[in-house]
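> Questions regarding the structure given below will be posed in turn.
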Amino acid sequence: MQRGALLDAARSLLSEGGTEALTFPALAERTGLARSSVYEYFRSRAAVVEELCAVDFPVWAAEIEAAMAAEPSPEGKIEAYVRSQLALVGDRRHRAVVAISAGELDAGAREKIRAAHGGLVAMIVEALEALGLAQPRLSAMLLQGVVDAAVRRVELGAAEDPDVIIETAVAMALWGVRGQADDRV
């Protein structure tokens, strides 16, 4: 129960103030625990980050996977893949991990984040294979690059409306994939 409260407090701190806001005194204050009690649950900020990724990333992946499964066509799956990831940008769990990934992490935490993102890329490979793309894994990684760029654009509060960024990212993804599929003919 306390561990969950600490993780919830960590999400809030990260989404409100970035990595600088995630301190053990702030976690203690948010949860009403003594600072020494926080150390009983986590040995470092990196440990908090790793736990957040371990808890939150599978939930996001399941949401993305469910959105893709609801679509019958490969193009629909690609659109769902892009849209569902970009819909997560407003979720404070996602903002927390974005804030974390911008900060200083140890190698273990970075590797866990990379592995989780690799799982996302693997989800879309099958849809790209169904379209007959010659390099579906490479295409999936580049497609994820479009999503990542759109996430950063929305997170930065770019001049464009977030809906415009999302629609542009979806269009780029679909046009790029269709162009590759047309080239194989």
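> In segment 22-50, what residues are out of contact with any helix residue (DSSP H, G or I) (no Cβ under 6 Å at 6 or more places or on another chain) and in a helix (DSSP H, G or I)?
GLU29, SER36, SER37, TYR39, GLU40, ARG45, ALA47
> So, in segment 78-93, of the ones that are at pLDDT 90 or above and among the β-branched types (Val, Ile, Thr), which residue ends up nearest to ILE64 (Cα to Cα)?
By that ranking, first place goes to VAL82.
> Quick one: in segment 151-177, of everything that is more than 17 Å from MET123 (Cβ to Cβ) and among the small types (Gly, Ala, Ser), which residue is modelled with the lowest pLDDT? Give the derivation first.
Kept after step one, since they are more than 17 Å from MET123 (Cβ to Cβ), are these residues of segment 151-177: 152-168, 171-172, 175-176.
Applying the additional criterion that residues be among the small types (Gly, Ala, Ser) yields 157-159, 171, 176.
Numbers: GLY157: 74, ALA158: 68, ALA159: 78, ALA171: 94, GLY176: 81.
The extreme case among them is ALA158.
> Considering each residue of segment 57-76, count those that are outside any helix (DSSP H, G or I) and open to solvent by 60 Å² or more (accessible area, probe 1.4 Å), and give that number.
Of the residues in that region, 3 qualify.
> When the residues of segment 3-31 are narrowed to those that are of a type outside the set (Lys, Arg) and open to solvent by 70 Å² or more (accessible area, probe 1.4 Å), which ends up modelled with the highest pLDDT?
GLU29
> Further question: Restricting to segment 149-174, name every residue that is surrounded by 15 or more Cβ atoms within 10 Å (Cβ to Cβ) and within 17 Å of the chain's Cα centre (by Cα).
Answer for segment 149-174, where residues must be surrounded by 15 or more Cβ atoms within 10 Å (Cβ to Cβ) and within 17 Å of the chain's Cα centre (by Cα): ALA150, VAL151, ARG153, VAL154, GLU155, PRO162, ILE165, ILE166, ALA169, VAL170.
Residue-by-condition table, conditions (1) at pLDDT 75 or above; (2) hydroxyl-bearing (Ser, Thr, Tyr); (3) open to solvent by 60 Å² or more (accessible area, probe 1.4 Å):
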position	(1), (2), (3)
ARG110	no, no, yes
ALA116	no, no, no
GLY119	yes, no, no
ILE124	yes, no, no
ALA127	yes, no, no
SER139	yes, yes, no
GLN144	yes, no, no
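> If you don't mind, there's one more thing I want to ask. Is it the case, given these coordinates, that LEU6 is outside any helix (DSSP H, G or I) and in contact (Cβ under 8 Å) with a residue 12 or more places away in the chain?
no
> List the number of the failed condition for GLU40; all other conditions in (1) of a type in the set (D, E, K, R); (2) surrounded by fewer than 17 Cβ atoms within 10 Å (Cβ to Cβ); (3) within 21 Å of ILE113 (Cβ to Cβ) hold.
Tallying (1) of a type in the set (D, E, K, R); (2) surrounded by fewer than 17 Cβ atoms within 10 Å (Cβ to Cβ); (3) within 21 Å of ILE113 (Cβ to Cβ), GLU40 fails exactly one: (3).
> Here's another thing I want to ask about it. Output the number of residues of segment 149-165 satisfying the condition of being under 23 Å from LEU14 (Cβ atoms) and touching a helix residue (DSSP H, G or I) at 6+ places or on another chain (Cβ under 9 Å).
Qualifying residue count for the region: 10.
The values are calculated or read from the model by the stated rules, or taken from the named source; none is laboratory data. What you see is a predicted model, and the numbers here were worked out from it, not measured in a lab. Using ideal geometry, Cβ is built from the backbone for each residue, glycine included, and neighbour counts are taken over all protein chains shown. Side chains are part of the model used for accessible areas, which takes the heavy atoms of the whole protein and leaves out ligands, DNA and RNA. Shrake-Rupley method; radii C 1.70, N 1.55, O 1.52, S 1.80 Å.
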